[in-house]
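The next block holds one structure in the form of structure tokens; read it before the comments.
Nothing in this text is a laboratory measurement; each read-out follows from the coordinates by a stated rule. Every value quoted in this text rests on a predicted model; they were computed, and no experiment measured them. Cβ atoms come from the backbone with ideal geometry, glycine included; neighbour counts cover every protein chain shown.
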Amino acid sequence: MIRIITDSAADLTPQEQAQPGVMVVPMAITFEDGSSIEDDGQMTKDEFFRRLATDSKLPRTSQPSPAAFIDAYTEAELAGDEAIVITVGQKLSGTFQCATMAANDVDTAIYVIDSETATQGEAVLVREALRLRDTGLSAAQIADALELFKKRIRIVAVVDSLKHLQKGGRVPAAVAIVGGALGIKPVIGLYESTVKLVGKGRGRPGALVALFKQLDEMGGIDTNYPCTVLYSDDKAVAAPVHHYLTQNLKLEGVRTCQIGATIGTHVGPRAAGIVFVTKATV
């Protein structure tokens, strides 16, 4: 079997984690009081966002240790399996480096893919790996296909402010100031492992209009791959996004997923967005 290993930043559902050969290596979260948890579901997403709202300092997120990946690889090796490893974007975390270092300590074939994205964008890559595995491709063939496919994954989202992203070092202070003008809601994009300010609007309605425009500006939606609506702490803010995709664009199979703690730390409350795959260029 070809194993599909990822990190908890992918926010896989319990059903996805239970699929044969899928393994999730948890990242760690440390709160301002020094307490730490692994991002493995022991704290629910809603509990995390309540804690985020009350703590005065942002939690720190930490990549898994190389030892955690070695354990996963050794298990695959003992079973005679190869492994595809899909990590959160390496400009966002050191997870890719840890996974790559660990691969040097085992004899089985390990293919480490930098997803260049996170949360449900990373999950899209995991699902594509599973689909390709089911077609009978080899691990090397799957890895080659994923390296091309990942370039088409986009995340675009409205956030309440860029404060959390700035504090977490994901956007420069100058960008945070531009995106944080009075009454202005920023629209961010995540692709090529970088968080970018791609638009803004007056109030949430204006920002949603700017968000929807980005769907075409980023390359259009490939309807062969269902979109995912993202939200952080408040599912209600995702409702108009879901409505636009299903009622205005008439898209089918749209799923709604909550952002987990690893990425939720950086986007903060009342975030809502879309994960989609762009149309293939000829």
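Remark: the stretch 17-23, residue by residue, has Karplus-estimated 3J(HN,Hα) of 5, 7, 5, x, x, 9, 9 Hz, where x stands for each Gly or Pro and the curve is 6.51 cos²θ - 1.76 cosθ + 1.60 at θ = phi - 60°.
Per-residue Karplus couplings for the stretch 115-127, computed as 6.51 cos²θ - 1.76 cosθ + 1.60 with θ equal to phi - 60°, are listed in order as 5, 6, 8, 7, 6, 5, x, 5, 5, 4, 5, 4, 5 Hz, Gly and Pro entered as x.
Listing GLU122, GLU147, GLU16, GLU116 from the residue with the fewest other Cβ atoms within 10 Å to the one with the most, what is the order?
Working: GLU122 28, GLU147 13, GLU16 17, GLU116 24.
Neighbour counts put them in this order, fewest first: GLU147, GLU16, GLU116, GLU122.
Sorting ILE263, ILE84, ILE37 from the fewest to the most surrounding beta carbons within 10 angstrom yields ILE37, ILE84, ILE263.
Applying a threshold of 29 Å to the alpha-carbon distances of LYS57/LYS279; LYS91/LYS250; LYS45/LYS196; LYS57/LYS150; LYS45/LYS279 flags LYS57/LYS279; LYS91/LYS250; LYS57/LYS150; LYS45/LYS279 as lying beyond it.
Amide H contacts of LEU251 (H built 1.01 Å from N, in plane; Pro and chain starts excluded): THR246 sit under 5 Å, all sequence-distant by 5 or more or on other chains.
Charges only on Cβ, +1 for Lys and Arg, -1 for Asp and Glu: so what's the dipole of the chain about the Cα centre, in debye to the nearest 20?
On the way: 28 positive and 33 negative charges, 345 e Å.
The calculated dipole for the chain is roughly 1660 debye.
From the alpha carbon centroid of the stretch 215-282 to that of the stretch 1-53 is 20 Å.
Of the residues THR44, THR265, THR54, THR117, the one with the fewest other Cβ atoms within 10 Å heads the list, and the complete ranking is THR54, THR44, THR265, THR117.
Using Cα springs under 10 Å in a Gaussian network model of the chain, which residue among SER56, SER36, SER138 shows the largest mean-square fluctuation? Among SER56, SER36, SER138, the largest mean-square fluctuation in the Gaussian network model of the chain belongs to SER56.
The residue among GLY268, VAL209, PRO26 whose Cα reaches farthest toward the positive pole of the charge dipole of the chain, with charges on the beta-carbon of Lys, Arg, Asp and Glu, is VAL209. Between ASP160, ASP234, ASP134, the residue with the greatest mean-square fluctuation in the GNM of the chain (Cα pairs under 10 Å linked by springs) is ASP134. Each residue, ASP107 and SER56, gets one label point 7 Å from its Cα in the Cβ direction; the gap between the two is 5.6 nm.
Within the listed set THR262, THR228, THR135, the Gaussian network model of the chain (springs between alpha-carbon atoms below 10 Å) gives the highest mean-square fluctuation for THR135.
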